[in-house]
1. When Lys and Arg each count +1 and Asp and Glu each count -1, what net charge do the other residues less than 11 Å away from N135, Cβ to Cβ, add up to?
2. Skipping prolines and chain starts, which residues have an amide H placed within reach, meaning under 5 Å, of the one on L153, given they are 5 or more residues away or on another chain?
3. Give the span of region 25-152's Cα atoms along each principal axis, as three whole-Å numbers ordered largest to smallest.
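Read-outs throughout are calculated quantities, based only on the coordinates presented, and are distinct from any laboratory measurement. As the structure is a prediction and not an experimental result, all values here were calculated from the model. Using ideal geometry, Cβ is built from the backbone for each residue, glycine included, and neighbour counts are taken over all protein chains shown.
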Amino acid sequence: MKNNKYFLSLFSSLISIFFFIGCATKTTPVYVSIKSPEIRVSDAGFLKEGYGYKEIVIYKAGSVPVKLLLKENRICVNNKCYNKYMFVKKYFRGYEKDFFDKILSKKPLSLKNIQKTYDGFVQKSKNITYIVKKNSVLFKDRKKHIIIFIKYLKEKG
């Protein structure tokens, strides 16, 4: 009888955990444009954020979607995974390993200056412009020819 109560308690606890983790997933419609010497993609899609991961799925008209999955210490592009350092080295040439995470999380980069705005902030250096607003993020490096633009779209309904 004690084993049944223990099993029932454990089972209900596990179901509750899975329920809360599952409900913690947030999906936001986005427009994403990523241009670098190694990757060029620009179209609408979704940003999914859950416990310990972020996933961007960009739906190119008439072709296979592009999927970027950020989880723990790796980033996967269409199921080909790299550690974060190698991903940034390959696609964005020489930024810190959490560079892409910071952009998706709307956090400041390791640039020296930061100017607060009414709905975000701006960071600039000689070749780099990084603008974070409530509904968008723009990173532009003129020297390395890299642009990352994310616009968070409002759901219709």
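1. Values: positive: K106, K133, K134, K151, K154; negative: D119.
Here the count lands on +4.
2. The answer is V30, Y31.
3. Principal axes ranked by extent give 38, 30, 29 Å for the Cα atoms.
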